[in-house]
1. Among all the aspartates and glutamates, which ones have a C-alpha under 19 Å from B:LYS252's C-alpha, if same-chain residues fewer than 8 places away are not counted?
2. Which whole-number value in Å² is the accessible area per residue of chain A, probe 1.4 Å?
3. When only Cα pairs under 8 Å and 6 or more residues apart are kept, what is the percent relative contact order across the range B:19-121?
4. With contacts defined as alpha carbon pairs under 8 Å and 6 or more residues apart, what's the relative contact order of the range B:2-253 in percent?
5. Per residue of A:186-194, what is the mean number of Cβ atoms on other protein chains within 10 angstrom of that residue's Cβ?
6. Which lysines have a Cα lying under 29 Å from the Cα of A:LYS150, excluding residues fewer than 8 positions away in the same chain?
7. Could you provide, to the nearest whole Å², the per residue accessible area of chain B with probe 1.4 Å?
8. Can you tell me the 0 to 90 degree angle between the C-alpha axis of helix B:183-201 and the longest principal axis of chain B, rounded to 10?
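The values are calculated or read from the model by the stated rules, or taken from the named source; none is laboratory data. Computed from a predicted model, the values in this text were never measured in an experiment. Please note: Cβ atoms are built from the backbone with ideal geometry, for glycine as well, and neighbour counts cover all protein chains shown. When the accessible area is computed, the model is the full protein with side chains, heavy atoms only, and any ligands, DNA or RNA have been set aside. Shrake-Rupley method; radii C 1.70, N 1.55, O 1.52, S 1.80 Å.
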Amino acid sequence: MLNPPLRHTLMLTDPAVLFENVSHAFGAQQVLQGVSLRIEQGEIVGLIGPNGAGKSTLLRSMVGIIRPDHGTVQVCGTDAVRNALEARRHIGYAPSETALYHQMTSEQLLAFAIAFHPSADHALGLSLLDKLGVPHAKRLGALSHGMKRKIMLVQAIACGGPVIVLDEPTEALDPEARRMVESELRSQAAAGRAVLFSSHDLTSVERLCHRAAFLRRGTIVRAGGAAELAAETGRLLHLEFRVPMDRDQLPVHAAWRWQGQATRWSLHHNDPVEKVLAVIAELPINGIRDGGGSLEEVFDALYGGDAA
Amino acid sequence: MIAIARQYARGLIWLSLGYFIILEAALVAAIFYWPKFRDNTPALAKLVPFQSLQDLLTAVQQSGYWPYFAIQQWFKGCSLFGVAAIAFMGSGIIAREADQRTAEFLFSRPVSRRKVLRVRTAVLSFAVLWPVYVSSISAIWLSPAVDEALPWAATLWASTYMACFLLTLITATVLLSVISTHQMRAGIIIVGIILLSFAQYLIQGIDQWSLFATIDVWTFMRIGVGEYPWMASGCFLTASAAMFALAELLLKRRNW
């Protein structure tokens with residue numbers, strides 16, 4: 001549950017986080033272009049995109065690490081650009097970088113990280129360290145990358161603010177730790193805290209998030225619930241051929257898109273499956289698998305061209 | 001504020017103690033070497049190749065223990081060891097965060113960059129300056145062992161003047177650290193400036209423009225007779241304030 005002082009600062013109608021037309025450039029490189037996104041209290045939102053899409057930059061604009069060139073960022077009604085210090089009091093932030101002060105122990109780092117937050121919960125932090133199997137008294141320099149990742153997550157949660165912002169939170173975590181973290185984030189969201197995180201782990205995003213937002217070259221190209229996004233993206237079939245196939249041997253339709261090579265191809269389409277099967281029936285097919293409506297399929301559909 | 005101070009001090013405690021021990025050991029050795037030095041000063045003055053160093057020895061020859069002590073403790077000990085200590089401890093005040101990629105973690109906390117810089121600079125200044133005072137005061141008690149006496153007031157005023165000089169170097173290092181991405185770079189620049197300045201002090205004709213001219217034996221001899229160099233101290237403090245203000249401004253604008 002949110003601590004009383006912060007609970008009182010939040011109006012029920014306020015979004016936890018509001019990005020409006022946020023743009024930022026590093027020199028000549030435009031990293032964010034007119035990003036708008038609203039995250040409600042108690043909502044978990046995942047930011048998805050390939051490397052360089054602008055995910056980390058967007059998260060950094062919330063905590064004053066970068067100042068956006070244009071647009072507004074609000075955290076619990078506070079302008080995070082003009083009043084960065086106040087906005088940061090509402091945010092528990094874990095950067096993607098796990099480099100930490102090597103001479104400190106995990107317990108000392110936790111105490112230092114949350115010392116500036118008015119609603120920090122030190123006891124919660126210690127219990128989460130225990131739960132995730134992080135030794136309290138060991139120096140950070142002697143801990144693995146995964147352990148440091150856990151400490152970063154714990155301090156972000158233990159800060160106690162109404163917004164938790166995590167950059168690549170499940171990177172380097174083993175499956176059990178990942179499940180624990182997901183479960184903890186779910187219960188934090190259930191207590192009214194908003195969670196915004198970036199990730200390349202699409203299955204994790206799908207399991208955890210109420211909504212996902214896809215960033216491409218600094219712009220949000222798609223946002224919504226996993227099922228809704230998959231429905232919008234269309235259907236996908238994975239095909240395995242008996243012999244290697246060239247693109248010009250595959251049937252062409254206006255709304256069809258083939259991806260793959262040799263004997264393995266994927267087909268993005270919007271037609272009824274029966275109609276598609278009737279068209280491809282004459283091809284030397286060894287096997288067909290329905291791609292389903294996963295975020296991975298949405299990702300492939302959105303960024304397939306980028307990879308090519 | 002306490003959390004920032006504690007976190008930063010944790011990395012400085014042993015360095016500061018080490019600096020004090022070196023300063024104190026050099027001072028004790030110098031004090032107990034004094035009787036032998038006093039007897040051989042005329043011969044030593046003839047051996048020294050640089051005019052500026054010959055002048056220092058002439059001052060010792062004429063005025064005795066106070067200029068000798070000033071050279072050993074402040075001109076040599078505090079300035080050279082102090083610069084080394086500042087380079088070791090201060091160059092990383094901000095640059096280390098960039099170097100070790102902890103800047104994003106630190107500056108995403110709800111604490112202003114200005115406060116971080118102020119608290120850390122205060123801790124750094126304390127770590128560099130307390131050994132100057134403690135070792136100088138210890139000399140007041142040690143000097144009777146070689147049949148000499150150091151006046152309390154002059155010793156404290158001289159230490160304060162030295163502290164003003166070192167504070168200028170501290171803020172210069174802080175400024176360099178704020179604009180650097182590598183701790184080593186800031187440290188090397190400040191040590192380089194001091195070495196160049198010392199080399200300049202040894203060249204007659206341009207020696208009066210060296211930083212070391214502001215802390216040479218003549219300055220401390222004036223302090224010894226009650227003439228505190230207020231103007232020079234004011235210049236040190238003004239320069240420190242200006243460099244620190246610039247460092248704050250640059251840190252505020254820096255993206256990570």
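1. Candidates past the 8-residue exclusion: A:ASP69, A:ASP79, A:GLU86, B:GLU97, B:ASP99, B:GLU104.
2. 43 Å²
3. Reported relative contact order: 27 percent.
4. Relative contact order here is 28 percent.
5. Numbers: counts 0, 0, 0, 0, 0, 0, 0, 0, 0.
For peptide A:186-194, the averaged partner shielding equals 0.
6. By straight Cα distance, A:LYS150 reaches A:LYS55, A:LYS131, A:LYS138, B:LYS115.
7. For chain B, the solvent-accessible area averages 45 Å² per residue.
8. Approximately 30 degrees, to the nearest 10.
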